[in-house]
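Below you'll find the structure, written out as structure tokens, and then a few comments.
Read the figures in this text as sums done on the coordinates, not as results from a lab. Please read all numbers here as calculations on a predicted model, not as lab measurements. Quick reminder, even Gly has a Cβ in these numbers, built from the backbone with ideal geometry, and neighbours come from all protein chains shown.
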Amino acid sequence: MKKLLFSISVFLLISIAAFAQKPQKLTSNQIYEKIQKLNFLGTALYIAAHPDDENTRLIAYLANQVKARTGYLSLTRGDGGQNLIGPEIRELLGVIRTQELLAARNVDGGEQFFTRANDFGYSKHPDETLKIWDKDKVLSDVVWAIRTFKPDVIINRFNHRTPGTTHGHHTSSAMLSVEAFDLAGDPTKYKNQLKYTSSWQPKRLFHNTSSWFYRDKKKFEEIAKDFTKFDIGVYYPLKGVSNNELASIASSQHLCQGFGRLTTRGAQTEYAEFLKGTPLKDKNDIFSGINTTWNRVENGGEIGDILYEIEQNFDFVNPSKHLPKLMEAYKKIQRLKDSHWRVIKEKQIKEIVEACAGLYLEASAVSSSGTPNSKIDVNFEVLNRSDVNIELTSITSSIDKKTIVKELDLSQNKRINFKETINLNTKSYSDPYWLREEASLGMYKVGNRQLIGKPETPRPAKISFNLIIDETPISITKNVVRRYAERDKGEIYEPFEILPKVTTKLKNKVLIFSDDTPQKIQVEVRAGTQNVSGKVFLNVPISWDVSPAAINFSIEQKNDKQTFEFIVTPSKNQSEGKLKVVATSNGKNYTKELVEINYNHIPKQSVLLNSEAKVVRLNIKKVGNYIGYIKGAGDAVPENLRQIGYTVVEMNPSEINEENLQKYDAIVLGIRAYNVVKELKFKQRFLLNYVEKGGNLIVQYNTSRRVDVGAPYDLRLSRDRVTDEFAEVRILEKNHAVLNFPNKITQDDFNGWVQERGLYFPDKWSSEYTPILSMNDKGEKPKNGSLLIAKYGKGNYIYTGLSFFRELPAGVSGAYKLFANILSVGKEKIEVKQKIKK
């Protein structure tokens, strides 16, 4: 009964923890579960390719029912996906998805790891994937993950035996896992890793299979009799939820991918197919025959004697009564010869000791950021809410190695506050480590071996609270944070960041010059500390010009910004290059832009990118100016169109009616608009009426699952896509206006495309549509549905799966010219009439 008293509060804490903003404060139920986990010495590693590939049901089951230390190795950070919640794509999307994975692990109890593989987008075969990724480097990272995490069992999400049947990244993750299973235990392979870790041979490798992989439910049911089975619908009275409910909450953290979902309950079976290793003694226990007790480690038995007794007789009302025994076990753990288990179990028991004592230990900076080699004031709060004698002897700052003696007796429930100044003795920033060097298409560059695999950059500013509990010294380390309150939001926690003294920002990442007319370019300068002064200037490509040569700035307040204006004159002829911003202060150059990502479900992220923009001088013509844009899943196309002189109005779907559409020269629907904007199905009649009266409606790609794009004639979406951005583009209708007016489109305009040609092309359409282009990936049949145009009444209905949402932000000249033509379809006659009148 006492256990159940806490179930509701535990469930709420799980939900709160998913936001990953506030530090976790354990209830008695959670303390008890951590003791159970402390007493299980077994490890499982789940391996797949992307964030949201992981089976949270099985991860949650292993972490919460089995009590195993469970990790998820995602080979990529999901940089190549789309974003349903905001405009971030590519590396910024990878930052979001990394944090969503960490939020999911906060819920299901797992740990998170990565390789250096860059998610370059959809791949149809592992041959392509492993060529772009650099197979040997990614394989070495999988081996590194196995050697450092040291799993007893590895479970693959995907099937290594079926290349070409699913995403090439998926199959590659399984193929690399199978290969790494043997390599990790061979000390002659990747020997440079052994400076930091030791070789490790896992006991077993499994495939987390299902009927989906067999496409035949009856066949699978027959084969599955020999597989290991898990009922992952087990109910947890201590949590008040079942395992599959917990897993649904974890999976729902992947909000940028639209994974918000209902929770599920009840019996549900997962299967694991044994692939290689030591055969199971009990086929329904993946750890069978593996010693997962304290007797696994030398001198562990005496630790187990103490901790098993605490587990069996745990006091949910007064957990602090177990502190003497916990401290006794802690001292014995510190003396373990097995350094791997010593580090893991020391961390686990410290969390338990802290929670049993009701300790509140916090180091909150007066600001959310500081600059290298500066000073920062930190407010400390220390509180002992138990009746156990505890002394705070000192605090130690990890960043300046400074120890401050305190010698404070922590009386029961008597809060102690004090302030100290710490020196940020570092040259490094706290930005995502994998973005510090320029990446290739398939790989991130990470120079520090010990950072590889970590989900995020370790926090540089940490405080160790050096305590004596029951006459035993113990040190508990906390990250410096920023805690404050806002009246309309309440208490807020933010990570403490170390950021540059000066950052700069260009409004646009691509600057398009449609002729040789100079443009005003605004540069924002932000101060990372008080009283910053210096100069800011632009580096432009050869044959381009900028004035003035430099501008002085002086900013008194930290986080204040000033905006300056330069005049950039492009080259006379068509060209491309980079425009870079440089700020100088006290003889040092600053070349970074600070990008802050702030969503409620993940901690605030501070990302440093090169402060630069692609500049494109192209000869482009356009007809019509006033464009209505209906946002879908989030893209930068409206701003890109403004770059070439269009007036773009982002429309609220609720305001769509027959009257207010007529003022637009064209209406454009953003990517996945019909997938995510539910109101569109009620507004489709107005959009088609607009076309019928002479308007142009451009519909960009939608996913094919359960969607109706409301086309005026039969149109069936498929999963067809062309993933090779270099794939040949064949022109089917050379004389069609879309390829000739107002810009002439040639094969050269399909050079320089990024990531892919397009996706989710229609594969069936009625005769009213005219297919314009044909393309395909190697070895596949031609796909003619990337750009379809149909006359409807006096106007034109245009459906395109071409990836303009990637190409325009990347400054692809040909994509701009083609999109301008799409917007101008049917207007060539208008221009002729205007010329005649003149």
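Taking 7 Å along the Cα-to-C-beta vector as the label spot, tell me the His340-Arg487 distance in nanometres, rounded to one decimal.
Placing both labels 7 Å along Cα→Cβ, they lie 5.7 nm apart.
Tell me, what is the Rg over Rh of segment 502-617, with Rh the Kirkwood radius over Cα pairs? Present the calculation step by step, with values, prior to reporting the outcome.
Details: Rg = 15.2 Å, Rh = 15.0 Å.
Ratio of gyration radius to Kirkwood radius: 1.01.
Out of all DSSP beta bridges with both ends in segment 626-835, state the antiparallel percent to the nearest 5. Walk me through the numbers on the way to the answer.
Values: 20 of 36 bridges.
If I count the DSSP bridges inside segment 626-835, around 55 percent turn out antiparallel.
Per residue of segment 131-148, in order, report the coupling 6.51 cos²θ - 1.76 cosθ + 1.60 (Karplus, θ = phi - 60°) as ³J(HN,Hα) in whole Hz, putting x for Gly and Pro.
Once θ is set to phi - 60°, the couplings for segment 131-148 become 6, 6, 6, 6, 3, 5, 5, 5, 4, 4, 5, 5, 4, 4, 4, 5, 5, 8 Hz.
Determine the percent antiparallel among the DSSP beta bridges restricted to the chain, to the nearest 5. List each step's numbers first, then the result.
Values: 114 of 156 bridges.
If we restrict to bridges inside the chain, about 75 percent are antiparallel.
Tell me which lysines have Cα within less than 19 Å of Lys217's Cα, excluding those fewer than 8 residues away on the same chain?
Lys225, Lys229
Which one is right for this structure if Rg and Dmax of the Cα atoms in Å is calculated from it: [x] 29.7, 99; [y] 27.6, 87; [z] 28.0, 106?
[x]
Starting from 0.36 nm per residue, how many nanometres of slack lie between Asn413 and Asn573 once their C-alpha separation is accounted for?
Length difference between fully extended and current span is 50.2 nm.
Please list the three semi-axes, largest first and in whole Å, of the ellipsoid equivalent to segment 42-292, using sqrt of 5 times the eigenvalues of its alpha carbon gyration tensor. Present the calculation step by step, with values, prior to reporting the outcome.
Working: eigenvalues 124, 113, 69 Å².
Working through the eigenvalues yields semi-axes of 25, 24, 19 Å.
What translational diffusion coefficient, to the nearest whole µm²/s, does segment 126-189 have by Stokes-Einstein, given a Kirkwood radius computed over alpha-carbon pairs, a temperature of 10 °C and 1.306 mPa s viscosity? List each step's numbers first, then the result.
On the way: Rh = 12.1 Å.
Result for D is 132 µm²/s.
For Lys454 and Glu596, what does the FRET efficiency come to when R0 = 22 Å and r is the distance between their Cβ atoms, rounded to the nearest 0.05? If you can, show how the numbers build up before the last one.
Numbers: r = 22 Å, r/R0 = 0.98.
E between Lys454 and Glu596, to the nearest 0.05, is 0.55.
Any chance you could get the radius of gyration and Dmax over the Cα atoms of segment 561-705, in Å?
According to the Cα coordinates of segment 561-705, Rg and Dmax are 20.1, 63 Å.
For a quick protection proxy, order the peptides 612-618, 235-241 by their average other-Cβ count within 10 Å, most packed first.
Working: 612-618: 21.1, 235-241: 17.4.
In descending order of packing, they fall as 612-618, 235-241.
Rounded, prolate or oblate: which fits segment 653-761 when a ≥ b ≥ c are the square roots of the eigenvalues of the alpha-carbon gyration tensor, with rounded for a/c under 1.5 and prolate only if a/b beats b/c? All intermediate terms of the calculation are to be shown ahead of the outcome.
Numbers: a/c = 2.33, a/b = 1.41, b/c = 1.64.
Oblate is the answer for segment 653-761, as a/c is 1.5 or above yet b/c matches or exceeds a/b.
Can you list the HN-Hα couplings for segment 609-621, worked out from phi with the Karplus curve (6.51, -1.76, 1.60; θ = phi - 60°), rounded to whole Hz and with x for Gly and Pro?
10, 4, 7, 7, 9, 7, 10, 10, 9, 10, 9, 10, 10
What angle do you read, to the nearest 10 degrees and between 0 and 90, between the alpha-carbon axis of helix 680-692 and the longest principal axis of the chain?
That works out to roughly 20 degrees.
Check the straight Cα-Cα distances from Lys621 and name the aspartates and glutamates below 14 Å, setting aside those fewer than 8 residues away within the same chain.
Candidates past the 8-residue exclusion: Asp515, Asp516, Glu828, Glu831.
Relative to the first principal axis of the alpha-carbon coordinates of the chain, what is the inclination of helix 168-183, with its axis defined by its Cα atoms, in degrees from 0 to 90 and to the nearest 10?
It is inclined by approximately 30 degrees.
If R0 is 30 Å, what FRET efficiency do you get for Arg705 and Tyr214 from their C-beta distance, rounded to 0.05?
Working: r = 21 Å, r/R0 = 0.71.
So the FRET efficiency works out to roughly 0.90.
For segment 270-391, what size does the Cα cloud have along each of its three principal axes, sorted from largest down, in whole Å?
58, 39, 33
Report, please, the projected area of segment 626-835 averaged over directions, based on the convex hull of its C-alpha atoms, in nm².
Computing the convex hull of the Cα atoms and averaging its projections yields 10.9 nm².
Can you tell me the relative contact order of segment 42-292? Whole percent, Cα pairs under 8 Å, sequence separation 6 or more. Mind dumping the intermediate values first?
Values: 523 pairs, mean separation 57.2, N = 251.
Value for segment 42-292: 23 percent.
Tell me the relative contact order for the chain as a rounded percent, counting alpha carbon contacts under 8 Å between residues six or more apart.
Values: 1913 pairs, mean separation 78.7, N = 838.
Here the relative contact order equals 9 percent.
What is the sum of charges around Arg730, taking Lys and Arg as +1, Asp and Glu as -1, for the other residues whose C-beta is under 15 Å from the C-beta of Arg730?
On the way: positive: Lys734, Arg757, Lys778, Lys781, Lys783; negative: Asp724, Glu728, Glu733, Asp748, Asp749, Asp777, Glu780.
Its environment carries a net charge of -2.
Summing +1 for each Lys or Arg and -1 for each Asp or Glu, what net charge is found among the other residues whose Cβ lies under 13 Å from the Cβ of Pro548? Show your work: numbers first, answer last.
Details: positive: Lys520, Lys535; negative: Asp545, Glu565.
With Lys, Arg at +1 and Asp, Glu at -1, the neighbours total 0.
Going by average Cβ density within 10 Å per residue, which order do the peptides 733-744, 539-550 take, highest to lowest?
Working: 733-744: 16.2, 539-550: 13.5.
Peptide ranking by packing, descending: 733-744, 539-550.
Taking 0.36 nm per residue of separation and subtracting the Cα-Cα distance, what length does fully extending Asn479 through Asn610 add? Let's see the in-between values first.
Values: separation 131, 0.36 × 131 = 47.16 nm, distance 2.74 nm.
Roughly 44.4 nm would be gained on extension.
How many angstrom lie between the C-alpha centres of segment 502-580 and segment 93-150?
About 36 Å separates the Cα centre of segment 502-580 from the one of segment 93-150.
Can you compute the FRET efficiency between Leu441 and Lys693 using 1/(1 + (r/R0)^6), with r the Cβ-Cβ distance and R0 = 56 Å? Round to the nearest 0.05.
Values: r = 45 Å, r/R0 = 0.81.
For R0 = 56 Å, the calculated efficiency reads 0.80.
Applying a 10 Å radius around every beta-carbon, put 792-799, 480-487, 504-511 in order of their mean neighbour count, most first. Don't skip to the end; give the middle numbers.
Numbers: 792-799: 20.8, 480-487: 14.6, 504-511: 18.2.
Taking the mean over residues of other Cβ atoms within 10 Å, the ranking is 792-799, 504-511, 480-487.
Could you state the angle between the C-alpha long axis of helix 28-38 and the longest principal axis of the C-alpha atoms of the chain, as a value from 0 to 90 degrees rounded to the nearest 10?
On a 0 to 90 degree scale, this one is about 80.
Write down, largest first, the equivalent ellipsoid semi-axes of segment 225-336 in whole Å, where each equals the square root of 5 times an eigenvalue of the alpha-carbon gyration tensor.
On the way: eigenvalues 219, 118, 39 Å².
Each semi-axis is the square root of five times an eigenvalue, giving 33, 24, 14 Å.
Please state the Cα pair-distance histogram of segment 620-703 with 5 angstrom bins from zero: what percent is in each bin?
Spelled out per bin, shortest first, that is 3, 15, 28, 26, 19, 8, 2, 0.
Please give the net charge around Asn652, taking every other residue with its beta carbon less than 11 angstrom from that of Asn652, where Lys and Arg add +1 and Asp and Glu add -1.
Values: positive: Lys631, Lys683; negative: Glu650, Glu655, Glu679.
So the environment of Asn652 carries a net charge of -1.
Given 0.36 nm per residue, what is the gain on full extension from Thr563 to Asp182 after removing their alpha carbon distance, in nm?
Details: separation 381, 0.36 × 381 = 137.16 nm, distance 5.70 nm.
Separation in residues times 0.36 nm, less the Cα-Cα distance, equals 131.5 nm.
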